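Asks: One structure, as structure tokens, below. Some questions next.
What follows is calculated from the coordinates using simple rules that are stated; it is not laboratory data. Not measured: the values here are computed from a predicted model. FYI the Cβ positions are ideal-geometry reconstructions off the backbone, even for glycines, and counts take in every protein chain you see.
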Amino acid sequence: MDLNDARWRKSSRSNGNGGECVEVATNLLGVVAVRDSKNPAGSALLFAPEVWADFLTRIKTDSAV
């Protein structure tokens, strides 16, 4: 998949000092892309938007416990 038009943003939960950052692009049609900000030219994981939304709901719910 061509990710040239992806608009990447860092996770609000990423650790800025340690360099362990996750970037997410949600502007692509039919897919959410996730990559390691330390390796922007590397591979990205691709998720269906509904799968990504379910993941976010689950981690938010689990972290509240």
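Asks: Under a crude label model (7 Å from the Cα following the beta-carbon direction), how far is LYS38 from ILE59 in nanometres?
Replies: 1.7 nm
Asks: If you project the alpha carbons of the range 9-63 onto their three principal axes, what span does each projection cover, largest first, in Å?
Replies: Between the extreme Cα coordinates on each principal axis of the range 9-63 lie 29, 28, 15 Å.
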